[in-house]
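The values are calculated or read from the model by the stated rules, or taken from the named source; none is laboratory data. Worth saying up front: this structure is predicted, and the values here are computed from it rather than measured. Note: ideal-geometry Cβ built from the backbone for every residue, glycine included; neighbour counts use all protein chains shown. Surface areas here come from the heavy atoms of the whole protein model, side chains and all, with no ligands, DNA or RNA. Shrake-Rupley method; radii C 1.70, N 1.55, O 1.52, S 1.80 Å.
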Protein chains: 2
Amino acid sequence: MTWQPINVPQRTIMTPGPVEADPRVLRALATPIVGQFDPSFTHIMNEVMEMLRALFQTKNQWAFPINGTSRAGNEAVLASLIEPGDKVLVPIYGRFGHLLVEIAQRYGAEVIELHCEWGEVFEPQLVIDAIQLHEPKIVACVHGETSTGRMQPLQEIGMYCREKGVFFVVDAVASIGGVDVRVDEWCIDACIGGTQKCLSVPAGMAPITFNERVAEVITARKKVEQGIATADDLCDVTTFTPIATNYFDLAMLMDYWSPRRLNHHTESTSMLYALREGVRLALEETLPVRFARHAYHAQALQQGLRAMGLELFGEETHALTCVTCIQIPEGVNGDRVRQFLLTHFGVEIASSFGPLHGKIWRIGTMGYSCRKENVLAVLSALEATLIQHNVRVVRGEAIQATLAFYMATEYATQ
Amino acid sequence: MTWQPINVPQRTIMTPGPVEADPRVLRALATPIVGQFDPSFTHIMNEVMEMLRALFQTKNQWAFPINGTSRAGNEAVLASLIEPGDKVLVPIYGRFGHLLVEIAQRYGAEVIELHCEWGEVFEPQLVIDAIQLHEPKIVACVHGETSTGRMQPLQEIGMYCREKGVFFVVDAVASIGGVDVRVDEWCIDACIGGTQKCLSVPAGMAPITFNERVAEVITARKKVEQGIATADDLCDVTTFTPIATNYFDLAMLMDYWSPRRLNHHTESTSMLYALREGVRLALEETLPVRFARHAYHAQALQQGLRAMGLELFGEETHALTCVTCIQIPEGVNGDRVRQFLLTHFGVEIASSFGPLHGKIWRIGTMGYSCRKENVLAVLSALEATLIQHNVRVVRGEAIQATLAFYMATEYATQ
């Protein structure tokens with residue numbers, strides 16, 4: 001059998017990830033390989049650490065990517081922190097809260113779940129009361145929940161955790177690079193970012209950062225693997241619980257990402273190039289401008305959707321400003337509409353999970369996908385598609401409303 | 001602070017990985033992103049499965065990459081197979097055998113280690129005797145041990161395992177795509193490949209395959225994660241031991257890589273493109289021609305090294321035909337020589353680990369790096385460097401010997 005070179009269609013990707021990669025990131029991916037201990041590469045590793053600190057708004061020494069997709073970052077942090085029997089409190093307001101529970105349980109945690117309606121977030125005091133009641137070792141929380149398009153306010157919870165010596169772990173996979181994430185100011189002990197969303201880097205890396213409080217727990221569980229351990233690494237594993245995974249062992253990764261450069265995995269060279277370029281572009285744009293751009297295009301999109309007569313989903317005050325959720329009109333098959341959009345317009349939007357599947361569509365305005373022509377393209381395609389599916393929409397108004405918004409604001413001139 | 005775009009030197013990479021990526025693979029990396037459930041992407045996923053079956057020489061349904069570096073593949077297989085208390089037998093003849101022990105122990109296995117001198121391999125009967133004695137559930141073995149440049153014969157062991165109902169897990173990270181790996185014929189139940197070696201794809205993916213025997217064990221431990229599980233997925237976890245990791249849970253990955261397409265991680269789009277292209281190039285070259293090319297250039301290199309007066313390391317009969325190990329001459333600082341090679345010639349070769357660090361150099365002839373001009377470049381640079389380090393070498397003979405070898409053989413005309 002003869003296989004042809006890869007050939008993919010050009011898409012307008014307006015999901016909450018993976019989104020279109022920035023063309024400059026794609027070019028960075030094509031950079032030739034250098035060896036993992038080549039000084040030119042370890043230099044790049046150090047640069048990426050420095051750049052990630054800026055992205056996470058932290059002074060933490062530890063900021064590096066896990067070589068895996070976003071949930072690999074969540075698993076690395078939770079696996080390295082959790083010892084069997086540890087209490088972990090997880091406020092759940094969408095699918096990805098469940099994922100944190102899932103991972104924590106697999107590592108033997110006793111998980112306490114807090115629930116609220118999907119589409120809402122938690123009043124911080126509610127979480128604080130639960131911490132007071134249950135006295136967990138760790139609070140793990142999603143910052144931007146793409147499944148519902150909501151964003152949990154974190155600072156009050158973080159400050160309370162710090163005061164009580166509780167570890168505060170935050171999944172900022174969907175928000176990092178598109179929405180403000182202040183690791184130090186919000187007292188986040190460990191934070192996980194994603195690449196394929198607001199950073200517009202392909203999936204496959206999970207940048208994380210953690211502070212010295214977390215590093216201390218991890219270091220106390222350090223067991224260097226056989227075959228590379230030296231005399232200094234000898235330890236008595238009967239006196240502590242080593243981290244249950246080798247690949248996600250942050251203690252060994254700290255050795256790999258520090259001057260010791262102790263071999264662990266072989267760093268994913270090309271993906272590190274891509275991550276570096278994606279974060280570089282974010283810092284070049286500057287974080288405040290980037291966050292404003294994300295909120296701005298989401299607003300532009302929403303003007304159009306409302307003008308079309310569609311209803312948005314979720315509490316407006318706590319909207320994640322890079323994902324717009326739309327109520328699927330009564331009687332409409334949401335998946336068929338999405339398929340029509342993809343087939344005829346090459347435009348991709350998302351459905352959701354669990355209780356929201358078939359109830360809402362989600363449109364991402366993230367990273368490189370977060371730009372005027374994409375917003376206009378998705379509105380135009382959606383209107384035409386809904387008409388094809390016999391949905392009663394206000395015709396021809398969506399794009400006019402969004403154009404008016406763009407033209408009335410500064411950004412329109414850029 | 002302003003960060004510049006990425007800028008790396010051009011290197012001649014002659015280590016046993018990561019090696020130079022094929023330029024066509026680098027181009028494939030720069031292909032635009034499509035969504036993970038876009039039919040054009042799921043089509044590529046299916047194509048990659050088909051291509052991996054050919055690469056692994058298997059009819060197994062299950063053949064797909066883990067989104068992580070090679071050891072992520074080892075961990076996914078072992079974590080999904082091992083239940084706490086299971087006996088795992090590991091024949092160790094170099095560093096990567098220790099890694100298998102390490103991973104197995106983290107998942108609660110009772111590991112039985114077999115040891116032989118580094119530089120040698122096991123007489124299969126020795127392993128068979130140990131299986132008979134210990135009756136393990138799993139035998140986990142490295143096929144090509146890059147740390148010593150040796151290759152373990154597997155077929156007899158595999159056939160015995162099959163007869164006794166023991167699972168035979170093989171780490172073919174260093175051999176896949178460069179050396180014959182016959183999963184079905186050798187009765188391998190689960191096999192893990194690497195990308196950054198003989199496939200000349202950057203690190204970051206770990207292709208694996210496993211058969212129905214393995215799939216059965218894994219499926220019996222299936223627990224679909226909260227947030228996406230449906231009524232059909234409900235199970236009573238008190239009646240079995242779920243897989244201890246979410247990211248490496250092969251039961252959920254099987255759902256992701258089958259028509260159900262149940263969301264797990266977001267597949268690393270660009271790396272899948274790269275893997276597809278790398279495997280495509282291997283199949284286009286055809287496996288027999290590719291294996292012959294690897295052995296051929298290693299032989300060419302060795303002619304030169306011997307002519308220079310250097311001594312090779314390890315049992316010749318069981319040489320891994322894509323890694324050449326050289327005894328570091330008495331009194332020479334191996335790492336300084338490597339550094340000189342890199343600094344002045346842009347040529348990278350490797351040291352080794354543990355007992356062999358400082359004792360041997362390792363030169364890879366793998367994938368795209370495995371070609372005539374690279375072999376000649378490394379010989380020329382090494383001779384000049386050794387002279388600079390006051391090593392008594394036969395001057396000017398290495399390249400002549402290797403050229404003579406090339407010119408005397410058919411391949412020289414290609």
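Observations on the model:
- Between copies, B:Arg336 shows label-point distances of 7.7 nm, shortest first, with the point placed 7 angstrom from Cα along Cα to C-beta.
- Rounded to 10°, Cα long-axis angle of helix B:397-408 versus longest principal axis of chain B: 70
- Area hidden from solvent between B and A (accessible, protein heavy atoms only, 1.4 Å, total, Å²): 6700
- The residues of the stretch A:311-352 listed by number as losing at least 30 Å² of accessible area in the complex, against the isolated chain and with a 1.4 Å probe, are A:Leu342, A:Glu348.
- Note: relative contact order over chain B, using C-alpha pairs below 8 Å and six or more positions apart, is 22 percent.
- Between helix A:155-164 and chain A: long-axis angle, C-alpha atoms, 0 to 90°, nearest 10: 20
- For the protein assembly as shown: accessible area per residue (Å², 1.4 Å): 35
- Mean projected area of the convex hull spanned by the Cα atoms of the protein assembly as shown, taken over all viewing directions: 34.3 nm².
- Comparing B:Ala377, B:Ala220, B:Leu253 along the charge dipole axis of chain B, the residue lying farthest to the positive side is B:Ala377, per the Cβ-charge model.
- Spatially, the stretch B:248-295 and the stretch B:93-159 are offset by 26 Å when compared through their Cα centroids.
- For A:260-270, mean number of other protein chain Cβ atoms within 10 Å: 6
- Under the convention that each Lys and Arg Cβ holds +1 and each Asp and Glu Cβ holds -1, the size of the dipole of the protein assembly as shown around its Cα centre is about 1800 debye.
- Sum of -39500 (n - 2.57) over DSSP H runs of 4+, divided by residues of the protein assembly as shown (222 nm, nearest 500): -12000 deg cm²/dmol
- Against chain A, whose longest principal axis comes from its Cα atoms, helix A:269-285 is set at around 60 degrees.
- Distance from the Cα centroid of the stretch A:1-61 to that of the stretch A:351-386 is 25 Å (rounded to whole angstrom).
- On the stretch A:22-282, 52 percent of the accessible area sits on carbon and sulfur atoms, based on a 1.4 Å probe.
- Against the rule of thumb 2.2 N^0.38 Å, how large the Cα Rg of the stretch A:257-346 comes out: 1.65
- Per residue convex hull volume, Cα atoms of the stretch B:134-291, in Å³: 146
- Here A:Glu163 yields copy-to-copy label distances, from shortest upward, of 7.1 nm, the label point defined as 7 Å from Cα along Cα to C-beta.
- Furthest towards positive pole of dipole, B:Gln327, B:Met49, B:Leu114, structure part chain B, Cβ charges: B:Gln327
- Highest mobility in the GNM of chain B, judged by mean-square fluctuation with C-alpha springs under 10 Å and restricted to B:Asn211, B:Asn374, B:Asn263, is found for B:Asn263.
- Per-residue shielding of B:22-28, expressed as the average number of other chain Cβ atoms within 10 Å of the residue Cβ, stands at 3.
- Label 7 Å beyond Cα on the Cβ vector: B:Glu285 copy-to-copy distances, nm: 4.0
- Square roots of 5 times each gyration tensor eigenvalue, C-alpha, the stretch A:159-242, largest first, Å: 30, 20, 8
- Selection among A:Gly68, A:Val127, A:Pro39 by position relative to the dipole of the stretch A:1-137 gives A:Pro39 as farthest towards the positive end (Cβ unit charges, Cα centre).
- Averaged over the residues of peptide B:4-13, the number of Cβ atoms from other protein chains lying within 10 Å of each residue's Cβ is 6.
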